[in-house]
1. Hey, can you tell me all the residues within segment 174-205 that are in contact with a Leu (Cβ under 8 Å, 6 or more places away or on another chain) and assigned to a helix (DSSP H, G or I)?
2. Being in a loop (DSSP other than H, G, I, E, B), surrounded by 15 or more Cβ atoms within 10 Å (Cβ to Cβ) and either on the phi > 0 side of the Ramachandran plot or not charged (D, E, K, R) (or both): is that true of L208 here?
3. Taking the criterion of being within 26 Å of E107 (Cβ to Cβ), among the hydroxyl-bearing types (S, T, Y), free of Cβ contacts under 8 Å to residues at least 40 places away in the same chain and out of contact with any helix residue (DSSP H, G or I) (no Cβ under 8 Å at 6 or more places or on another chain), would at least one residue in segment 204-213 satisfy it?
4. Being of a type in the set (D, E) and in contact with a Ser or Thr (Cβ under 9 Å, 6 or more places away or on another chain) is the filter here; which residues of segment 178-228 pass it?
5. Taking the condition of being out of contact with any Lys or Arg (no Cβ under 9 Å at 6 or more places or on another chain), touching a residue at least 12 places away in the same chain (Cβ under 8 Å) and more than 22 Å from I181 (Cβ to Cβ), how many residues in segment 78-101 meet it?
6. Can you tell me which condition Q42 does not meet? The list is (1) in a loop (DSSP other than H, G, I, E, B); (2) without any contact (Cβ under 8 Å) to a residue 40 or more places away in the chain; (3) touching a strand residue (DSSP E or B) at 6+ places or on another chain (Cβ under 8 Å); (4) surrounded by 15 or more Cβ atoms within 10 Å (Cβ to Cβ), and all the others hold.
7. Of all residues in segment 25-83, how many are under 26 Å from R128 (Cβ atoms) and of a type in the set (G, A, S)?
8. Can you list residue pairs whose Cβ atoms sit under 6 Å apart, with the first residue in segment 106-125 being under 11 Å from A68 (Cα atoms) and surrounded by fewer than 19 Cβ atoms within 10 Å (Cβ to Cβ) and the second being modelled with pLDDT under 95 and among the hydrophobic types (A, V, I, L, M, F, W, C)? Count only pairs 6 or more apart in sequence or on different chains.
Amino acid sequence: MDLGLKNKVVLVTGGSRGLGRAICQGLAAEGAHVAVNYLRTQPGQWLADMRSRAGIQAMAVRGDISKAAQVRRMFERIEAELGPLDVLINNAGYWPKSLVKDMSETEWEQNLAVNLTGPFLTCREAVRLWLRDHRPGRIVNITSLTAYYGTTTGHAHYACAKAGLANFTISLAREMAPHGILVNSVSPGFMVTDMTTEAIKEHRDQYLSRIPLRRFADPAEVVPAVLFLASGGASYITGCSLHVNGGLLMH
């Protein structure tokens, strides 16, 4: 199936490692031109290798998605170097650990800034540009199983932010549907990434006991769902949450 992503310009926030990196590589394999957003961890040699191997344009763009001015500059750079944006994938995430009884206001606010305010700012910038230019667009927000399932391991602030993002996705989808702008989300379950390694070590048996498939996901197993919702194959889908969780949440 041709996903129709060849020569599309795609921004992936938090794209330098983990799921974000896997998404960028999947997009490149489909012939998309990729802007890899990062804040602290710069993309490594893999970005240059991906560019030369796939024959596509790819750029690294540093920016704090929780800061409106930095988001605007990031979008301006992408348009100047790659062309008008076609797809936004909000993948950047922040997953600190703190039980509610120990959580400070600063910890709560920092979590919401990255996991909820950041996607709001990037979505707002994207839809403003598409509406200005009378162009369609695609947004895929990466939420989380915890948005629907909750958490007992000290990530309530993360779960709340992701639940907000899931609802924001639906609301934005309703607003933008008349303009041909499609907004969906992908909700991964437990994946093995740099961000989750320590928690998986600490709670491995507890987590595995909940998953019907009895294993954790590799980020590459989540990528097809993201690419599909970004593609022409999802032209009649908006406001959808696609769950990729090994059967942990079924509905």
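The values are calculated or read from the model by the stated rules, or taken from the named source; none is laboratory data. As the structure is a prediction and not an experimental result, all values here were calculated from the model. Positions of Cβ are generated from backbone atoms using ideal geometry, with glycine treated the same way; all protein chains shown enter the neighbour counts.
1. Selection gives M176, H179.
2. Criteria not met by L208.
3. The answer is no, given that none of the residues of segment 204-213 is within 26 Å of E107 (Cβ to Cβ), among the hydroxyl-bearing types (S, T, Y), free of Cβ contacts under 8 Å to residues at least 40 places away in the same chain and out of contact with any helix residue (DSSP H, G or I) (no Cβ under 8 Å at 6 or more places or on another chain).
4. Selection gives D194, E202.
5. Residues in segment 78-101 being out of contact with any Lys or Arg (no Cβ under 9 Å at 6 or more places or on another chain), touching a residue at least 12 places away in the same chain (Cβ under 8 Å) and more than 22 Å from I181 (Cβ to Cβ): 8 in total.
6. Exception for Q42: condition (4).
7. Residues that pass the stated criteria total 10.
8. Filtered contacts from segment 106-125: no entries.
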